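Worksheet: one structure, shown below.
The values are calculated or read from the model by the stated rules, or taken from the named source; none is laboratory data. None of these values were measured; they are calculated from a predicted model. FYI the Cβ positions are ideal-geometry reconstructions off the backbone, even for glycines, and counts take in every protein chain you see.
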Amino acid sequence: MVSPILSSQPGAIPTPDDDLSPGVAWHYGDPLGEQRVATRKAAIVDRSDRGVIEISGDERLSWLHTISTQHLTHLGDRRSAENLSLDGNGRVEDHFVLTDIEGTTWIDTEAKRSDILADFLKKMVFWSKAAPVARPDMVVLTLLGPDVLSGPIAEAIGLTEGATTYQAGDLPELRHDDEPAGFWRLMPSIGEGGATPVIDLVVPETDLREWWKILTESGATPAGMWAYEALRVSAARPRLHLDTDERTIPHEVDWIGGPDEGGAVHLDKGCYRGQETVARVANLGRPPRRLVLLHLDGSSSYRPTTGDPVNAGGRAIGRIGTVVDHFENGPIALALVKRNTPVDAELTVGNAESPEESLSASIDPDLYNHDDQVPPGRAAVDRLRGKR
């Protein structure tokens, strides 16, 4: 599906073939300038490729709590959280964002996983009072930048003064009928140092053009997915099926944490599929890989792609995830590498035996998690054995 915004905006360039965000704008003619505006003023990004699912029913949160990684039984009204669905071995199958508002839980996720996740949720209902339904008529817009938190943009969406991360609220009604007006939610900031605020809007597709007009007239500059991805990568925020693979467990990509901690896996909750792996790694061990931000050699003609190997000493020690050009830092990428890879390791990306098919890379030390604490379970075992 091609977004109405893409087809109506002069100069809009669609996302590349096989991109995880099909049918929306990659940029509007000035991709690096769009990033600059997003970090300094305000930008609006069409993310209507994301799939939206509605869950109604009195037991929707307690039911979802039992089949996913997040603690949801006490999630308040107009609150959001990130969440995962794992396989039986604790590997990540789905990552999604949810918002509970006025007795309904709204979920949005990657386009390619939307139908799969909706089918899975329907199969897992059994006798619970919960009814998941795919809502292709609802879409996502994202606002970026310091100017989205106050002034005309904030007034246009009805942003609550002093709103905190994962807080949500109703959007003003554009029509008067039985359809939902939509809602806003404040998400974790992205960009370098987490300095760029993020507000998602979930709106009816029939209102998409009107909201785009309202927000651009209020001061938001159109920006493509390139801008969003560059700021996401510079904050080391992973994305499903780009920065994860079929072996990824939540600890490797820093998805551990409760609803108010920016994570998607709560470590203090009951049983769910894959929990044994999560608990074992949290209490007794460490994940085999870690997520790092790489700075790539901008002088090389070689351009890595997702899945290319990351090498150290001529051997593959990881895989490349998202690769993107940043307006200040040049080419950067997220990568999953072996946990014992030192922060100052001399790395190459691509074919380690061919200079024409590889480039040098270095790990960003500011976003490197040294992970040198002894897990609590291991510390208890060591105490029992008389070790310190």
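One table, with the values for the structure above:
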item: Verdict on residue 89 being in contact with a Gly (Cβ under 8 Å, 6 or more places away or on another chain) and either within 23 Å of residue 258 (Cα to Cα) or in the same structural domain as residue 169 (by TED's automatic domain parsing) (or both); result: yes
item: Scope region 182-223; condition in contact with a Gly (Cβ under 7 Å, 6 or more places away or on another chain) and closer than 26 Å to residue 237 by Cα; matching residues; result: 183, 184, 188, 196, 197, 201, 202, 203
item: Identity of the residue in region 204-243, β-branched (Val, Ile, Thr) and surrounded by fewer than 24 Cβ atoms within 10 Å (Cβ to Cβ), that ends up nearest to residue 175 (Cα to Cα); result: 206
item: Lone unmet requirement of (1) surrounded by 15 or more Cβ atoms within 10 Å (Cβ to Cβ); (2) more than 20 Å from residue 5 (Cβ to Cβ); (3) small (Gly, Ala, Ser) for residue 182; result: (2)
item: Positions within region 293-307 being touching a Gly at 6+ places or on another chain (Cβ under 7 Å) and either of a type in the set (Phe, Trp, Tyr) or within 12 Å of residue 347 (Cβ to Cβ) (or both), in sequence order; result: 302, 304
item: Residue that is surrounded by the most Cβ atoms within 10 Å (Cβ to Cβ), among those in region 85-110 that are assigned to a strand (DSSP E or B) and charged (D, E, K, R); result: 108
item: Given (1) in a helix (DSSP H, G or I); (2) under 20 Å from the mean Cα position of the chain (by Cα); (3) of a type outside the set (Lys, Arg); (4) at pLDDT 95 or above, index of the condition residue 215 fails; result: (2)
item: Any hit, region 317-330, residues being of a type in the set (S, T, N, Q), in contact with a Lys or Arg (Cβ under 8 Å, 6 or more places away or on another chain) and under 26 Å from residue 81 (Cα atoms); result: yes
item: Single residue of region 191-203 satisfying the filter (in a strand (DSSP E or B) and out of contact with any helix residue (DSSP H, G or I) (no Cβ under 7 Å at 6 or more places or on another chain)) that is surrounded by the fewest Cβ atoms within 10 Å (Cβ to Cβ); result: 200
item: Options 210, 179; residue that is at pLDDT below 95 and outside any strand (DSSP E or B); result: 179
item: Residue selected from region 116-158 under the condition polar (S, T, N, Q) and in contact (Cβ under 8 Å) with a residue 12 or more places away in the chain, by the criterion farthest from residue 191 (Cα to Cα); result: 128
item: Residue within region 154-165 that is out of contact with any His (no Cβ under 7 Å at 6 or more places or on another chain), within 24 Å of residue 8 (Cα to Cα), small (Gly, Ala, Ser) and buried (at least 17 other Cβ atoms within 10 Å of the Cβ) present; result: yes
item: Region 280-304, subset among the hydrophobic types (A, V, I, L, M, F, W, C), under 23 Å from the mean Cα position of the chain (by Cα) and over 21 Å from residue 235 (Cα atoms), residue surrounded by the fewest Cβ atoms within 10 Å (Cβ to Cβ); result: 282
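Okay, residues lined up against (1) modelled with pLDDT of 95 or more; (2) touching a Phe, Trp or Tyr at 6+ places or on another chain (Cβ under 9 Å):
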| residue | (1), (2) |
| --- | --- |
| 136 | yes, no |
| 151 | yes, no |
| 161 | no, no |
| 188 | yes, yes |
| 193 | no, no |
